[in-house]
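Just so you know, all these numbers are worked out from the coordinates, no wet-lab data involved. Keep in mind it's a predicted model, so treat the numbers as computed, not measured. Cβ atoms come from the backbone with ideal geometry, glycine included; neighbour counts cover every protein chain shown.
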Amino acid sequence: MVQQARKTEIYDALVCGDLLTALPHIAQTEFGGPCDLVLAADVLCYFERLEGLMAAVVAIFKSGGLFAFSVEPCVEALTDSAACKADDVVELPGNATRYKHRIEYVQACAELAGMEIVACRKTIGRYAKSITPVPYTLLLLRCRVSGMAM
Ligand SMILES: C[S@@+](CC[C@H](N)C(=O)[O-])C[C@H]1O[C@@H](n2cnc3c(N)ncnc32)[C@H](O)[C@@H]1O
């Protein structure tokens, strides 16, 4: 992914590392202060729990910072699946460890971290085996607190 990104020659800097530890480093060394926007497309599905990630994002924002991301929603929660209703997170079958998240759980994590939902849209995130559309939800959160000192 980083090699592909480097080939585009559109990025000022590319940092490779685990999000939870790399985010504060990026804010300090690359930007020298709070970030305005964090964009994570098809990344949160690799995190089982989202509390730590949301807190790490807020920590590099000042009030008003925006966090845009996609999740694979736990759609069954909207119907009558008792299993999914009871769980905030459902592990997806397959080789890579991926998770679906219940939207109410995502919202609760956002609020706990000090962010509010500005927009929430359903979309098709990818096509399984290049054929079957997979529903995703796009969310835009706004930070209500200042996580990083100016
Ligand atoms: C399906 S790809 C999405 C790529 C992304 N949309 C882009 O344009 O670069 C998932 C990405 O999430 C990254 N990822 C998964 N868990 C991560 C973690 N704990 N810390 C940092 N990156 C992670 C993977 O390395 C991979 O680059």
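Results, tabulated for the structure shown:
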| read-out | value |
| --- | --- |
| Under 19 Å from residue 122, Cα to Cα: aspartates and glutamates that are on another chain or at least 8 residues apart | 42, 72, 76, 88, 104 |
| Total charge dipole magnitude, region 36-143, about the Cα centre, Cβ charges on Lys, Arg, Asp, Glu only, Debye to nearest 20 | 340 debye |
| Kirkwood-based Rg to Rh ratio, region 36-143, C-alpha trace | 0.97 |
| Packing-based exposure ordering (other Cβ within 10 Å, fewest first) of 26, 131, 60 | 131, 26, 60 |
| Charge sum, other residues only, whose C-beta stays under 10 Å from residue 61's C-beta, Lys/Arg counted +1 and Asp/Glu -1 | +2 |
